[in-house]
Amino acid sequence: QWQGRETLGLWPEESANMINGTEGIMFRPNLKKGDNLTAFVDATYRSFPLQYSGTTKIKGLEAFKYTLPSTVFDSAFKNPENARWGSWCPDGLIYLGVLQQPNPPVFGSKAHFLDADPVETRDKIQLPQPDRAKDDTILYVHPLIGVTLQFQRVLQMNIQINRTSRFSELQHINGTMYYPILYIKEHTEMTDDFKNYLMKNGLLEVEIATYSAYSVLGFFCL
């Protein structure tokens, strides 16, 4: 559930209205390499898959890196699965017009149209090249306890503008363009105090016990 709702009732298909996953702060514990996750993003009224993208260290703690798979931003013309969210738009955009009445032509994307079709988006308004490290959504999750240690969530909101003779400013644009109107970036990092809190409340013991269990298992497999 989310805000007392069991379904969203916004999107064209019932499967798109399902509220799946957590809000991205905590996930299930005991993750294994290759496990994928799901998060519900309230700013978009959608659940998104999170793809395992490797392992790293955050302040000395093991962390699984998760990113949004590229298929999430595929056009419905390319990936029919995305038709349930009304994404009849260029690659790299997601339709968000259902969030407001009367369904304005608003589309979400990664910052600076990262992973979007440059010809249909960035090139038309001469935006600078995107930087994946700064413009992508990334989560780092501790595999044993499922807590997000660090995350960066990025969302760019764009309005669709069509060429029209009704307004002189829009008479000469090249067909349809998507113009950024809002840029949201959330960034959170684990503090030393939070790390100490985790260690004092059993994380160290859990890590040692897990390592010992695998060591014993490995011994009996020899």
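The values are calculated or read from the model by the stated rules, or taken from the named source; none is laboratory data. Treat the numbers as computed from the prediction; the structure is a model and nothing was measured. FYI the Cβ positions are ideal-geometry reconstructions off the backbone, even for glycines, and counts take in every protein chain you see. Only protein heavy atoms, including side chains, enter the accessible area calculation; ligands, DNA and RNA are left aside. Shrake-Rupley method; radii C 1.70, N 1.55, O 1.52, S 1.80 Å.
Sequence-ordered 3J(HN,Hα) estimates for the range 81-94 from the Karplus curve with 6.51, -1.76 and 1.60 and θ = phi - 60° stand at 4, 7, 5, 5, 9, x, 7, 8, 7, x, 4, x, 10, 10 Hz, glycine and proline given as x. For residue 28 and residue 197, a Förster radius of 25 Å and the Cβ-Cβ distance give a FRET efficiency of 0.75, rounded to the nearest 0.05.
Solvent-accessible surface of the chain, averaged per residue with a 1.4 angstrom probe and all protein chains in place: 57 square angstrom. Under a Gaussian network description of the chain, with springs only between Cα atoms under 10 Å, the residue in 200, 33, 57 that fluctuates furthest is 200. Highest mobility in the GNM of the chain, judged by mean-square fluctuation with C-alpha springs under 10 Å and restricted to 105, 49, 90, is found for 105. Distant-in-sequence amide contacts of residue 50, defined by a placed amide H-H separation under 5 Å and a gap of 5 or more residues or a different chain, comprise 37, 38, 39. Pairs spanning more than 22 Å between alpha-carbon atoms, out of 110/195; 110/185; 134/195; 33/57: 110/195; 134/195.
Here the chain is treated with +1 on each Lys and Arg Cβ and -1 on each Asp and Glu Cβ, and its dipole about the Cα centre works out to around 140 debye. For the range 1-111, the relative contact order is 18 percent, taking Cα pairs closer than 8 Å that sit 6 or more residues apart in sequence and dividing their mean separation by the residue count.
Distance distribution P(r), the chain, all Cα-Cα pairs, bin width 10 angstrom from 0: 7, 27, 30, 19, 11, 4, 1, 0 percent.
Can you give the calculated 222 nm mean residue ellipticity of the chain, where each DSSP H run of n ≥ 4 adds -39,500 (n - 2.57) and the sum is split over every residue, rounded to the nearest 500 deg cm²/dmol?
Roughly -4000 deg cm²/dmol at 222 nm, from the helical runs in the chain.
To the nearest ten degrees, helix 204-221 and the longest principal axis of the Cα atoms of the chain are 70 degrees apart. Per-peptide packing, taken as the mean over residues of other Cβ atoms within 10 Å, places 77-83, 42-48 in the sequence 42-48, 77-83 from highest down.
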